[in-house]
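Participant: Before I ask anything, let me first share the structure, which is written out below as structure tokens.
The values are calculated or read from the model by the stated rules, or taken from the named source; none is laboratory data. This structure is a prediction, so every number in the text was calculated from the model and none was measured. Cβ sites come from the backbone with ideal geometry, for glycine too, and all protein chains shown count toward neighbours.
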């Protein structure tokens, strides 16, 4: 019986994929399988993966002739996973020896739907441990309790799919929005925390996230960055029937939008105009009272960035509300 399926999407990962595969060799067990999805690579990724067929037991390889994006590549791997549990690894990251066995032991011992872990951010020779933002460790919790607080960092602000392990029987809850080419993990983590029954956080930090990789979407300012707005439209749509978490979603949206604006120099002039227009439209479609409350608690530099998009930003001196503004519910319907 397969206990764990590891899904590894990769595209043009020639400089790093051998490190990822070597780390899986050091974690391999007879009850583990490793599903590599080569998403239309045009470099030597495929040949490197083939070189590991004899060294990595349980390795299977799927190849897309044309790239479909990270979300759909993960979904393809998920569709073929046979393990009781599933985890993910990006092709430029790697595991410490024994990490996968520790993941399985954690979720077996706790008996919950999913377990989240810390990770190590690697930049050159520098290593920094990033802790999942849940102080209670090694106990089963209600996933909905991991969404708040509004103004503090919470588990929905820690969306990394590879920082955890999940029961495969969660089914569609594990699927990613396939049309998104970036920020696909945002609606994914929100849905998981809103609909799963139980989760836990354990103090493992055996997954290494390679930062500042040339060619990664965090470094590239092409039109896929516009999917940030599509991702949060999905989050807001899912909250139509559960508005208690709406302030948290709007707070996260505004903070991340301001962050993207700080990095706008990576955009072409044309894309920057499109991004700013989309950002302004998104802000105007939020309920004025909720946006004003959010703005009142944001850092001044973030407020300035948002006000550059929307001079009439609620909660600032330039905003003058009308006598009859639509209700929050009516405003939210305008985001669909």
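Participant: Can you tell me which residues in the range 266-283 are within 13 Å of residue 254 (Cβ to Cβ) and surrounded by fewer than 20 Cβ atoms within 10 Å (Cβ to Cβ)?
Facilitator: Answer for the range 266-283, where residues must be within 13 Å of residue 254 (Cβ to Cβ) and surrounded by fewer than 20 Cβ atoms within 10 Å (Cβ to Cβ): just 280.
Participant: So is residue 13 modelled with pLDDT under 95, surrounded by 19 or more Cβ atoms within 10 Å (Cβ to Cβ) and within 21 Å of the chain's Cα centre (by Cα) or not?
Facilitator: Details: modelled with pLDDT under 95: no; surrounded by 19 or more Cβ atoms within 10 Å (Cβ to Cβ): yes; within 21 Å of the chain's Cα centre (by Cα): yes.
Taking the combined requirement at face value, the residue does not satisfy it.
Participant: Assess whether residue 150 counts as being surrounded by 13 or more Cβ atoms within 10 Å (Cβ to Cβ), in contact with a helix residue (DSSP H, G or I) (Cβ under 7 Å, 6 or more places away or on another chain) and farther than 23 Å from residue 71 by Cβ.
Facilitator: Spelling it out, residue 150 is indeed surrounded by 13 or more Cβ atoms within 10 Å (Cβ to Cβ), in contact with a helix residue (DSSP H, G or I) (Cβ under 7 Å, 6 or more places away or on another chain) and farther than 23 Å from residue 71 by Cβ.
Participant: Which one is surrounded by the most Cβ atoms within 10 Å (Cβ to Cβ) among residues in the range 220-253 that are farther than 17 Å from residue 184 by Cβ and modelled with pLDDT under 85?
Facilitator: 221
Participant: Could you please find all residues in the range 203-212 being surrounded by fewer than 22 Cβ atoms within 10 Å (Cβ to Cβ) and either more than 17 Å from the chain's Cα centre (by Cα) or free of Cβ contacts under 8 Å to residues at least 40 places away in the same chain (or both)?
Facilitator: 203, 205, 206 - these are the residues of the range 203-212 that are surrounded by fewer than 22 Cβ atoms within 10 Å (Cβ to Cβ) and either more than 17 Å from the chain's Cα centre (by Cα) or free of Cβ contacts under 8 Å to residues at least 40 places away in the same chain (or both).
Participant: So for the range 94-104 (the condition being in contact with a helix residue (DSSP H, G or I) (Cβ under 6 Å, 6 or more places away or on another chain) and surrounded by 15 or more Cβ atoms within 10 Å (Cβ to Cβ)), does at least one residue qualify?
Facilitator: Yes, the range 94-104 contains a residue that is in contact with a helix residue (DSSP H, G or I) (Cβ under 6 Å, 6 or more places away or on another chain) and surrounded by 15 or more Cβ atoms within 10 Å (Cβ to Cβ).
Participant: Follow-up question, since we're still on this one. Could you list, in sequence order, all residues of the range 110-136 that are in contact with a helix residue (DSSP H, G or I) (Cβ under 8 Å, 6 or more places away or on another chain) and free of Cβ contacts under 8 Å to residues at least 40 places away in the same chain?
Facilitator: Residue satisfying the conditions is 133 alone.
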